[in-house]
Amino acid sequence: MDSLHVKKSVGKRPFLFPMPIGIIGSYDSCGTPNVMAASWVGIVNSKPLSIGVSLRPATYTYKNVMRTKSFTVNIANEKLISYVDWVGHYTGKEMNKFEELSLTPVRSKLVDAPYVHEFPVVLECKVVEITNLGKHTHFVGEIMDVKVDTAILKADNKNLVDIYKLRPVMTGQGSGYFGIGQHLGRGGKVYQRLGIDPKSE
């Protein structure tokens, strides 16, 4: 019988919930733009501001990024989920994904990589560190700039994204794709519900 807080070992698994989905943009040796879906991606440093993505050497994107030392991370919204799923299931070795999907590649002016015009948030990254971890290679990219559709910026702060306007997507380790849920509170405020103030002890 299942019970709260009774744990069962399920072995070594990449369980992190939820996991973001980044669409990684790169150029191949012929200058053809390519994109792939990656969920092993996340912010790794604040100064210099950097993001990391782990790629398998077997992927086309791995070879591209190794050559150009550049990539973009394109963030999708719920309306683009079909594109996210598609680019995650097909390889750029056999086709031009932008042409197949009628997406618009934009050449970054800051790094040697394309981004997707139709995606609402784009991070342009220059590779500053490469680490072979085993089956995956971890690329750390310094974020050179972030481009955001003006329609999803907050009304009271035009440098911040309104997550409800963005409607980002994520994955749940074999459970498919998910959108965002309800707002649970602001950081630095939620903990006050515990009623614990160390300063008063």
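The values are calculated or read from the model by the stated rules, or taken from the named source; none is laboratory data. As the structure is a prediction and not an experimental result, all values here were calculated from the model. Glycine also receives a Cβ, built like all others from the backbone with ideal geometry; neighbour counts cover every protein chain displayed. What goes into the accessible areas is simple: the full protein's heavy atoms, side chains included, and nothing from ligands, DNA or RNA. Shrake-Rupley method; radii C 1.70, N 1.55, O 1.52, S 1.80 Å.
In region 71-91, the residue that is farthest from residue 125 (Cα to Cα) out of those that are open to solvent by 10 Å² or more (accessible area, probe 1.4 Å) and touching a strand residue (DSSP E or B) at 6+ places or on another chain (Cβ under 6 Å) is 81.
For region 50-70, name all the residues that are closer than 15 Å to residue 136 by Cβ and either in contact with a helix residue (DSSP H, G or I) (Cβ under 7 Å, 6 or more places away or on another chain) or surrounded by fewer than 17 Cβ atoms within 10 Å (Cβ to Cβ) (or both). 55, 56, 57, 58, 66 - these are the residues of region 50-70 that are closer than 15 Å to residue 136 by Cβ and either in contact with a helix residue (DSSP H, G or I) (Cβ under 7 Å, 6 or more places away or on another chain) or surrounded by fewer than 17 Cβ atoms within 10 Å (Cβ to Cβ) (or both).
Candidates 148, 169: the one that is touching a Gly at 6+ places or on another chain (Cβ under 9 Å) and hydrophobic (A, V, I, L, M, F, W, C) is 169. Taking the conditions (1) among the polar types (S, T, N, Q); (2) part of a loop (DSSP other than H, G, I, E, B); (3) open to solvent by 70 Å² or more (accessible area, probe 1.4 Å) in turn, residue 157 satisfies each one other than (3).
Looking only at residues in region 164-201 that are loosely packed, with under 11 Cβ neighbours inside 10 Å and among the charged types (D, E, K, R), the one that is nearest to residue 82 (Cα to Cα) is 186.
Taken together, the residues in region 18-49 that are surrounded by fewer than 19 Cβ atoms within 10 Å (Cβ to Cβ), of a type outside the set (Val, Ile, Thr) and under 14 Å from the mean Cα position of the chain (by Cα) amount to 5. State yes or no: is residue 89 at pLDDT below 95 and within 19 Å of the chain's Cα centre (by Cα)? The answer is yes for residue 89. Scan region 75-96 and tell me whether some residue there is in contact with a Gly (Cβ under 9 Å, 6 or more places away or on another chain) and farther than 20 Å from residue 173 by Cα. The answer is no; no qualifying residue exists. Selection over region 154-180 of residues that are without any contact (Cβ under 8 Å) to a residue 12 or more places away in the chain and within 27 Å of residue 46 (Cα to Cα) gives a count of 8.
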